[in-house]
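What follows is a set of notes on a single structure, which appears directly below.
The values are calculated or read from the model by the stated rules, or taken from the named source; none is laboratory data. Small disclaimer: the values here were computed from a predicted structure and weren't measured. Counting neighbours? That spans all protein chains shown, and the Cβs are built from the backbone with ideal geometry, glycine included. Heads up: the accessible areas ignore ligands, DNA and RNA and are worked out on the full protein's heavy atoms, side chains in. Shrake-Rupley method; radii C 1.70, N 1.55, O 1.52, S 1.80 Å.
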Amino acid sequence: MAASSSRAGCIVLDTNDGPFTLQAGTLSVNGASGESAGCVAIAADSVSISGGGVSANDGGTRGYNHYVAIATRQLTVTNTVTLAANGKGIDTTYPAVVLLGGEGSLIIPDVEVDPATPLSPPTWSNTASTLTVNGSGNLVLEANGAQNRVSVVAQPISFTNSGTLTLKANEGSSNKVYIINPGSFTNTVSLSFTGGTVTMESNNSNASQNAGGIEISVDKLGTISPAVTLNANGGKDGGSVVIALVARSISDRREYLRSRRS
């Protein structure tokens, strides 16, 4: 859905609590050369993607907001699945966003706006909605470029896919990677990793800029069976890695986090 001389369009898919399946290939609202990408929002009880993914990559360098947002109870991935919103956002109010949330949690602002008007980014409700990521594939959530966000928002969140999990928002000092439990905390397990290795990064290679940040704010950690690596390395100074737990009990006592800052 690229446009030749303006921002790309938006795709909003609501299955009314039914399933959504995307066969191998990419659902794309990438921007044409010199133009901004659009947006994709998917709401479904279950989402199955067999390679490829969903893409809202910017085609210019001036900076405009664009996003990919999926709300579902269960995301099943096969082969390598990428949800991407690469390219610069406008600012912290209108960032480029990749958002993966639980079913019923997604709030999509009006997308029928003038192409010259910034798209309001998607947000989430405080509903404690479940999210499970499973399947045999790798999952990549990426929003690389200044003023960008990658967010996973649900309660509880369970990653069981046997492939790797990568969350990255690189090349911006204000970029963030979030894993968040919305709503109230009840001292229950609300985040677990039992699949392949996990990498989260908000690095910045610019020699004059700091890195971004990673924030994990959840009720209670469950099983952490793979290696989990958190990186916020900057060309100038390192960024921040914040892990906020209401309940500090960890069911898997093995080494579960490897963090470093330059």
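Residue count for segment 22-54 satisfying the condition of being open to solvent by 10 Å² or more (accessible area, probe 1.4 Å), not β-branched (Val, Ile, Thr) and not in a loop (DSSP other than H, G, I, E, B): 10.
Residue count for segment 76-134 under the criterion of being open to solvent by 60 Å² or more (accessible area, probe 1.4 Å) and either in a strand (DSSP E or B) or touching a helix residue (DSSP H, G or I) at 6+ places or on another chain (Cβ under 6 Å) (or both): the result is 5. Might you let me know whether segment 131-142 holds any residue that is within 21 Å of ILE214 (Cβ to Cβ), at pLDDT below 95 and of a type in the set (D, E, K, R)? No, segment 131-142 contains no residue that is within 21 Å of ILE214 (Cβ to Cβ), at pLDDT below 95 and of a type in the set (D, E, K, R). Being at pLDDT below 85 and either of a type in the set (Lys, Arg) or part of a strand (DSSP E or B) (or both) narrows it down to one residue among ARG62, ARG73; which is it? The conditions single out ARG62.
If I filter segment 112-133 for residues that are charged (D, E, K, R) and over 21 Å from THR82 (Cβ atoms), do I get at least one hit?
Initial filter on segment 112-133 (charged (D, E, K, R)): 112, 114.
Narrowing the set further to residues that are over 21 Å from THR82 (Cβ atoms) leaves 112, 114.
Yes: segment 112-133 contains one or more residues that are charged (D, E, K, R) and over 21 Å from THR82 (Cβ atoms).
Cβ-Cβ distances below 6 Å connect the following pairs, each with a first residue in segment 115-140 that is on the phi > 0 side of the Ramachandran plot, a second residue that is assigned to a loop (DSSP other than H, G, I, E, B), and a separation of six or more residues or different chains: GLY135/ASN161.
Pairs meeting the criteria (first residue in segment 1-21 and at pLDDT 90 or above, second residue in a loop (DSSP other than H, G, I, E, B) and not hydroxyl-bearing (Ser, Thr, Tyr), beta carbons under 7 Å, at least 6 apart or on different chains) are CYS10/VAL29; CYS10/GLY38; CYS10/VAL111; ILE11/MET1; ILE11/VAL29; VAL12/ILE108; VAL12/VAL111.
With respect to VAL97, is the statement that it is closer than 21 Å to THR199 by Cα and of a type in the set (A, V, I, L, M, F, W, C) true? Yes; evaluated as a whole, the condition is true for this residue.
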